[in-house]
1. Among (1) open to solvent by less than 30 Å² (accessible area, probe 1.4 Å); (2) in contact (Cβ under 8 Å) with a residue 60 or more places away in the chain; (3) in contact with a Leu (Cβ under 8 Å, 6 or more places away or on another chain), there is one condition A106 misses while meeting the rest; what is its number?
2. Would you check which residues across the range 15-49 are part of a strand (DSSP E or B) and either open to solvent by 20 Å² or more (accessible area, probe 1.4 Å) or modelled with pLDDT under 95 (or both) and list them?
3. Considering (1) open to solvent by 60 Å² or more (accessible area, probe 1.4 Å); (2) of a type in the set (F, W, Y); (3) touching a residue at least 60 places away in the same chain (Cβ under 8 Å), say which one F52 fails and leave the rest.
4. Could you list, in sequence order, the residues of the range 74-103 that are free of Cβ contacts under 8 Å to residues at least 60 places away in the same chain and either open to solvent by 70 Å² or more (accessible area, probe 1.4 Å) or among the hydroxyl-bearing types (S, T, Y) (or both)?
5. Among the residues of the range 115-131, what is the count of those that are open to solvent by less than 70 Å² (accessible area, probe 1.4 Å) and either under 14 Å from A77 (Cβ atoms) or not in a strand (DSSP E or B) (or both)?
Amino acid sequence: MRAVSATQSSMWGGGSYHAEKCIDGVISGGTSNLCHTNGDIGEKTPWLALDFGAVVSVEKVVINNRDDCCGDRLRDAEIRVANQLPFSSQEMFRGGELLGNFKGPASNGEEVTLTSTELRGRFVILQIDSTGNGIINLHEVTVWGKPA
């Protein structure tokens, strides 16, 4: 299932690391193909949201972690399926339904798979719960499911 768009709580690198890079089908490539939030602004709970444009039924989410460095940034992550976006990058979003958690930390290039019973919503949201400056920097997030 392909998201129609993606957004993230912030962007690092002056526009080079936008959220759509995490839904373009490319699962590797170092810094040339990352969605990346801005670790310099003190986000405690950065997030990435995939928008399907309509309610979908989600069964599985596969995360392809950054492969060149910093893989351990993927930790204490929640995946939610919801009909609204998070309001803040300073506290965890509690809307929608929890698909799963990934404690981590992940390694460089690790593929993380979370499965669940079918959950319905327009957005699939990945959010990190950090104690300081959280950063999301991933190659790809792929969602498996069907139209609701």
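The values are calculated or read from the model by the stated rules, or taken from the named source; none is laboratory data. Predicted model only: the values in this text are computed from it and were never measured. No Cβ is skipped: glycine too gets one built from the backbone with ideal geometry, and neighbour counts run over all protein chains shown. The area values use the complete protein model at the heavy-atom level, side chains included, leaving out ligands, DNA and RNA. Shrake-Rupley method; radii C 1.70, N 1.55, O 1.52, S 1.80 Å.
1. (2)
2. Step one: of the range 15-49, the residues part of a strand (DSSP E or B) are 35-36, 47-49.
Matches in the range 15-49: W47 only.
3. So the condition that F52 fails would be (1).
4. From the range 74-103, those free of Cβ contacts under 8 Å to residues at least 60 places away in the same chain are 75-84, 87-88, 90-103; that's our starting set.
The answer is R75, N83, Q84, F87, S88, Q90, E91, R94, E97, L98, N101, K103.
5. Within the range 115-131, the subset open to solvent by less than 70 Å² (accessible area, probe 1.4 Å) is 116, 119, 121, 123-128, 130.
From what is left, the residues that are either under 14 Å from A77 (Cβ atoms) or not in a strand (DSSP E or B) (or both) are 124-128, 130.
Adding up the residues that qualify gives 6.
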